[in-house]
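Quick notes on the structure that follows.
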Amino acid sequence: MKIYLPRTTVGIAPLILTVSAYFTLALNWAFFRNSYAVFGHEPGGLVFLVSLGSLLFAVTVLLLSLVCVRYLTKPVLVAFLLVAACGNYFMYRYNIIVDTTMLSNIRETDGVEVSDLLTPALLLQVILLGVLPAALVLSARISYPSFAREHWQRVKLACFSILLALASIEPFTAYYSSFFREHKALRYYTNPLTPVYSVSRVVGGWLASDGDHTLQIVGKDAHLPETDQDRELVILVVGEALRSDHFGLNGYSRNTTPYLEREAVFSFPRAFSCGTATAYSVPCMFSLAGRSSFDIDEAKDQENLLDVLRHAGVNVLWRDNNSDSKGVATRVAFQNFRSDANNPTCDTECRDVGMLSGLDDFIVEHPEGDVVIVLHQMGNHGPAYFKRFPEEFAVFEPYCHSNRLETCSDQEIVNAYDNAVRYTDYFLGKAIEFLKGYDDRFETALLYVSDHGESLGERGIYLHGLPYYLAPDSQRHIASALWLGNRFEADRDIVKANTSREVSHDNYFHTVLGLLEIQTAVYQPELDLLRPLGMQ
């Protein structure tokens, strides 16, 4: 069966106007929904929304008039349509923003995690709203005028769009003052403007990279003091998407941490992340730079916390049950536990607790020096929360059994998420149990810190990854806890006092150095959770 598409002859200018109108009316569901929530109930608000649509149309026309140059017109429009169709689905369904951080996170996400996001609804929308319009564009015959006439048409289109934009804004200056100053987040939902801008920045970053990078050494002077005669065995658990207010130790109404409740665990209920996505937060956690000065591109050319540990002679192992280490573990021993080739505890997916298997062998193989083991969890990675725990941990019922969160009630989503938190609690309990077996030979400790939080439908927002200054607390306020073994020498009263203070990923680098008693010029004791915070 052959499908014949109409072969219409059209000029570049009419085509740009038609496609711009299509973008505005058919692929901006999230933008208009969120704008209506802010302005729709105000006097004259509905008319202002029409003005917003007119402004968005004008800006889209201006953009396309600049980039649709002669024979590039079809490829550009097809690419924009496909990007916009995908962006429309995720922005509307999860209320996320397709910015550079989100694109980096997607680029570094593996196939298993991508499959959690692929749904029949996504495929249907991309086909109906992206592929079919793109096919119509490809089938159209474009009449190309002379270069001089094409240039003049482009000037007229640009002038038209600018005049339309001014006409749209002028009657509603008070509304637009609020729109641009108080509701900046709304403009990030404009489609295809935000996705295209973000893609161009990411691609531009790749092209600007010349591949000639010199690694900046950090903490080369790191060493252990001669007075440190006891070996340390420390497990660093890098959590995934666990928000503070669903962590039972922090006073959550549900007991999501029954295993940790039995242990002498210090929880930090006022802990905040460096970013809102794994690809940003994990490198930031292990970087010497604090959140205010951290740069994801610069971090790739700088040594991190694990390198400082190596300089001090510490034996380091990274085990990963997430996508990967995001570049943090490139210079230390790395083991992938996403496969049953290494992970003995796999059913519907490989479980975090499997990362504890065989750790004794690593310790035996390193009879001298301190040992640090990093365990990177799958944790509470969404949207398929139901996959993140075995059935026996389904304490909260009914829970969402789908990665299509729109098919579940808010309570079912929360129930699935909380069941996954209980499995993280079980995993942490097992890790502590493992460490207790070495209490007679090591000073043992476990530090758990989540990379970011998670939105569960509050204000219509799901998952994570919003720009930090726009993200709700649910994406930035994280779970964090510390357990110290019986022989671990530390002033527990100081640690307990620090649990009432606001802490962040900025404390991570220096707390780990403090746990291992490593001396180096880059260590900042005022950020070490084992010492009075803010005091040198």
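Rule-based calculations on the coordinates, nothing more; no lab input. This one's a predicted model, so the numbers in the text were calculated from it and none came from an experiment. Glycine gets a Cβ as well: all are built from the backbone with ideal geometry, and neighbour counts include every protein chain shown.
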The answer for residue 334, listing residues at least 5 apart or on another chain whose modeled amide H is closer than 5 Å to its amide H, is 318
If packing is taken as the mean number of other Cβ atoms within 10 Å per residue, what is the order of 147-158, 242-253, highest first? 242-253, 147-158
Over the chain, one equal point on each Cα, no solvent: what is log10 I(q)/I(0) by the Debye formula at q = 0.05, 0.06, 0.10, 0.13 Å⁻¹? -0.25, -0.35, -0.87, -1.25
The chain - charge dipole about Cα centre, Lys and Arg +1 at Cβ, Asp and Glu -1, debye rounded to 20: 3320 debye
Most packed first (mean Cβ within 10 Å per residue), the peptides 13-20, 381-388, 331-338 order as 381-388, 13-20, 331-338
Debye, to nearest 20: dipole size of the stretch 411-508, +1 on Lys, Arg Cβ, -1 on Asp, Glu Cβ: 60 debye
Amide H of residue 443: which non-local residues (sequence gap of 5 or more, or other chain) have their own amide H closer than 5 Å, using H built in the peptide plane? 231, 232, 233
Simple label model, 7 Å out from Cα along Cβ direction - residue 36 to residue 261, nm: 4.4 nm
Dipole check, the stretch 384-513, charges on Cβ (K,R +1; D,E -1), about Cα centroid: among 471, 498, 442 the Cα furthest to the positive pole belongs to 442
Dividing the alpha-carbon radius of gyration of the stretch 109-263 by 2.2 N^0.38 Å, where N counts its residues, gives 1.86
Summing Lys, Arg as +1 and Asp, Glu as -1, what charge do residues with Cβ under 14 Å from the Cβ of residue 191 carry, residue 191 excluded? +2
Chain lengthening between residue 486 and residue 144 when straightened (0.36 nm per residue, less Cα-Cα): 115.2 nm
With an 8 Å Cα cut-off and a minimum separation of 6 or more residues, compute the relative contact order for the stretch 9-208 in percent. 41 percent
Could you give each residue of the stretch 302-311 its phi-based ³J(HN,Hα) in whole Hz, using Karplus coefficients 6.51, -1.76, 1.60 with θ = phi - 60°, and x for Gly or Pro? 10, 5, 10, 3, 5, 5, 4, 4, 4, 4
For residue 455, the residues 5 or more places away or on another chain with a placed amide H closer than 5 Å to its own amide H are 463, 464
Show me, for the stretch 339-345, the HN-Hα J-couplings you get by feeding each phi into the Karplus relation (A = 6.51, B = -1.76, C = 1.60, θ = phi - 60°), rounded to Hz, glycine and proline as x. 10, 6, 5, 10, 8, x, 10
As I understand it, the dipole of the stretch 232-527 uses +1 on the Cβ of Lys and Arg and -1 on the Cβ of Asp and Glu, about the Cα centre. Which of 414, 259, 486 lies farthest toward its positive end? 414
Each label sits 7 Å from Cα toward the beta-carbon; between residue 458 and residue 72 the label points are separated, in nm, by 4.4 nm
For residue 227 and residue 184 in the same chain, what is the full-extension length gain: residue separation times 0.36 nm, less their Cα-Cα distance, in nm? 10.0 nm
Tally Lys/Arg at +1 and Asp/Glu at -1 over every other residue whose Cβ is under 14 Å from the Cβ of residue 468; what's the total? -2
Among the Cys residues of the chain, which have no other cysteine Cβ under 4.7 angstrom away? 68, 86, 159
Under the 7 Å Cα-to-Cβ spin-label approximation, residue 439 and residue 200 lie apart by a distance in nanometres of 6.1 nm
Rule-of-thumb Rg ratio for the stretch 9-208 [Cα; 2.2 N^0.38 Å; N residues]: 1.07
Just subtract the alpha-carbon distance of residue 360 and residue 341 from 0.36 nm times their residue separation and send over the number in nm, one decimal. 5.1 nm
Cα-only Debye scattering, the stretch 232-527: base-10 log of I(q)/I(0) at q = 0.09, 0.10, 0.14 Å⁻¹: -0.40, -0.50, -1.03
Net charge of neighbours whose Cβ lies under 15 Å from the Cβ of residue 302, counting Lys and Arg as +1 and Asp and Glu as -1: -1
With n ≥ 4 as the cut-off for DSSP H runs, can you work out [θ] at 222 nm for the chain, using -39500 (n - 2.57) per run divided by the number of residues, rounded to the nearest 500? -12500 deg cm²/dmol
For the chain, list the DSSP H helices whose alpha carbon atoms reach 30 Å or more along the long axis and whose average Kyte-Doolittle value is 1.6 or above? 45-67
Peptides ranked, highest mean first, by Cβ atoms within 10 Å: ranges 314-324, 482-492: 314-324, 482-492
